[in-house]
Amino acid sequence: MARLRFTKMHGIGNDYIYVDCTSADVDDPAALARRLSPRRTGVGSDGLILIRPSASADARMEMYNADGSRGEMCGNGIRCVGKFVYDHGLARKDELAIDTDVGIKRLRLHEPGGRVTNVTVDMGEPILEGREIPVAADGRVIDRPLEVAVAAADARIYVVTCVSMGNPHCVTFVDEVEGLDLTRIGPAFEHHAFFPNRVNTEFVQVAMRDDVRMRVWERGSGETAACGTGACAVVVAGALTGRTERRSRVRLNGGSLDVDWRDDGHVYMTGPAEEVFSGSIDL
């Protein structure tokens, strides 16, 4: 019986199972993600990330959510890909190009002592045109009222700002995030008709103009400890609505990320990447 080697990694608690496919392959990644992601019966993760060879970059990242659905991009995941590529000797450079479903991303690795601890990612420019995010509206969606029905008799109006960082995000600013029941609210956003490809939803409390607290419901995975693309979307949304500066610290359940929406239009995200353990399973 064939055995598959894997490595468990996380970026501030947003954890994935990583498989080096530069010398071997996975026949059905979606099924493998569904098999390994459950936390009681599998390895336990928010999904599966494959590291593949690339003709145009140092490596290619292929991502699957815990339910087996394909994800276009993962900010915490790509930082861990950078660490894996460097620490495991696939490319020993402190600047890497990683190919993704939304194009090549540039990474700057911070490796005191010879192993990567933090990574800065150029996440590119945010997409703000509604149909390109996508949402069911033309133009920018900034502080737009949206009726969301958590249950048949429980609908309320949320004010939302929508941003794509390669994957779709809906950001809503609230007075307090800790008491929110995301297990009820999150699915109502994720499967709302306004979002044709489903959506990741960030609930944000502004502490200061350069410091915000965020919780996230990720499509296909539920509430996760962190979301890197979501943190980037939050800073973009905060700046667009005048609530925050273009450079801010975003505090999530698993830790903090530093996000900078620079004058060149690109969003830069800096945060840690950690390897937890490696193992193997029977296929």
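Quick notes
- Of all the residues in segment 46-57, those that are assigned to a loop (DSSP other than H, G, I, E, B) and either surrounded by 24 or more Cβ atoms within 10 Å (Cβ to Cβ) or touching a helix residue (DSSP H, G or I) at 6+ places or on another chain (Cβ under 6 Å) (or both) number 1.
- Positions within segment 66-95 being outside any loop (DSSP other than H, G, I, E, B) and surrounded by fewer than 24 Cβ atoms within 10 Å (Cβ to Cβ), in sequence order: ARG70, PHE84, TYR86, ASP87, GLU95
- Filtering GLY279, GLY242 for residues that are at positive phi and surrounded by fewer than 20 Cβ atoms within 10 Å (Cβ to Cβ) leaves a single hit, GLY242.
- Cβ separations smaller than 9 Å between residues 6+ apart or across chains give the following pairs from segment 132-148 residues that are free of Cβ contacts under 8 Å to residues at least 12 places away in the same chain to residues that are open to solvent by 60 Å² or more (accessible area, probe 1.4 Å) and in a strand (DSSP E or B): ASP138/GLU129; GLY139/GLU129; GLU147/ARG156; GLU147/ILE157.
- Breaking point among (1) of a type outside the set (A, V, I, L, M); (2) surrounded by 16 or more Cβ atoms within 10 Å (Cβ to Cβ); (3) out of contact with any helix residue (DSSP H, G or I) (no Cβ under 9 Å at 6 or more places or on another chain); (4) free of Cβ contacts under 8 Å to residues at least 12 places away in the same chain, for ARG40: (2)
- Under the condition of being closer than 24 Å to GLY265 by Cβ and either more than 18 Å from the chain's Cα centre (by Cα) or charged (D, E, K, R) (or both), the residues counted in segment 111-130 number 4.
- Among the criteria (1) touching a strand residue (DSSP E or B) at 6+ places or on another chain (Cβ under 9 Å); (2) open to solvent by 50 Å² or more (accessible area, probe 1.4 Å), the one THR100 does not fulfil is (2).
- Every pair of residues 6+ apart whose Cβ atoms lie under 7 Å, when the first sits in segment 245-266 and is among the hydroxyl-bearing types (Ser, Thr, Tyr) while the second is in a strand (DSSP E or B): SER248/ASP211; SER248/VAL212; SER248/VAL259; SER256/ARG249; SER256/VAL250
- Looking at VAL199, VAL236, just one residue is closer than 25 Å to PRO38 by Cα, open to solvent by less than 10 Å² (accessible area, probe 1.4 Å) and of a type in the set (Val, Ile, Thr), and that residue is VAL199.
- Flag for THR201 being closer than 16 Å to ALA233 by Cβ, in contact (Cβ under 8 Å) with a residue 24 or more places away in the chain and of a type in the set (S, T, N, Q): yes
- Screening ASN65, ASN14 for residues that are farther than 17 Å from GLY271 by Cβ and either within 13 Å of the chain's Cα centre (by Cα) or polar (S, T, N, Q) (or both) leaves exactly one candidate, ASN65.
The values are calculated or read from the model by the stated rules, or taken from the named source; none is laboratory data. Fair warning: this is a prediction, and the values are worked out from it, not measured in the lab. Counting neighbours? That spans all protein chains shown, and the Cβs are built from the backbone with ideal geometry, glycine included. Ligands, DNA and RNA are stripped out before the accessible areas are found, and what is left, the full protein with its side chains, is counted by its heavy atoms. Shrake-Rupley method; radii C 1.70, N 1.55, O 1.52, S 1.80 Å.
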